[in-house]
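As structure tokens, the structure follows; a few thoughts come after it.
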């Protein structure tokens with residue numbers, strides 16, 4: 001009788017281990033299909049701050065995956081890795097992920113313009129488009145406000161359902177002091193979807 005109980009227990013335990021392993025593999029496989037797709041892709045903007053030669057804060061800074069904000073007297077060409085709008089204006093920065101994909105998550109990091117601490121986005125909205133026209137066909141997926149701080153942290157939205165898009169545009173609707181900007185923009189697509 002004891003041998004039979006032990007045998008049954010061993011079989012049940014083995015089955016539990018096999019089922020648990022399969023469940024972990026399935027969860028892991030699903031997680032691996034969500035991929036960041038904006039890194040290194042083309043970025044454009046309505047404007048960007050250009051001081052002098054070798055001193056600009058161009059849109060390419062939002063897709064380089066570098067978050068340092070060196071002294072505000074050095075532009076992207078000299079190590080800064082963020083985008084700033086031209087002085088005293090609203091505008092936008094955009095990433096072209098180069099194909100329509102099902103977008104499921106967005107992450108962004110505000111700027112404060114290094115030790116100058118004189119620029120930041122304070123009110124924004126984010127829109128996604130398949131065409132890049134942004135003439136009414138786009139889907140606005142986020143509206144928000146960000147308080148100015150020297151200790152910036154990533155903001156994030158997980159979309160309730162995927163939005164198929166090629167272009168992701170971050171609009172600066174209001175800004176702190178001299179103007180707005182953005183340090184990083186990350187775009188995540190579900191690569192398991194057709």
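Tell me which residues, restricted to the stretch 164-176, are crowded, with 17+ Cβ neighbours inside 10 Å and within 16 Å of residue 33 (Cα to Cα).
The answer is none; no residue qualifies.
Going by the conditions given, is residue 145 surrounded by 19 or more Cβ atoms within 10 Å (Cβ to Cβ) and free of Cβ contacts under 8 Å to residues at least 40 places away in the same chain?
In short, no.
If you scan the stretch 99-128, which residues turn out to be buried (at least 18 other Cβ atoms within 10 Å of the Cβ) and either over 23 Å from residue 143 (Cβ atoms) or without any contact (Cβ under 8 Å) to a residue 12 or more places away in the chain (or both)?
Result: 113, 114.
Restricting to the stretch 69-85, give me the number of residues that are out of contact with any helix residue (DSSP H, G or I) (no Cβ under 9 Å at 6 or more places or on another chain) and either at pLDDT below 95 or surrounded by fewer than 14 Cβ atoms within 10 Å (Cβ to Cβ) (or both).
So the answer is 4.
Residue by residue through the stretch 181-194, note down the ones that are in a strand (DSSP E or B) and crowded, with 20+ Cβ neighbours inside 10 Å.
Result: 181, 182, 184, 185, 186, 187, 188, 189.
The values are calculated or read from the model by the stated rules, or taken from the named source; none is laboratory data. Small disclaimer: the values here were computed from a predicted structure and weren't measured. Cβ coordinates were reconstructed from backbone atoms using ideal geometry, including for glycine residues, and neighbour counts include every protein chain displayed.
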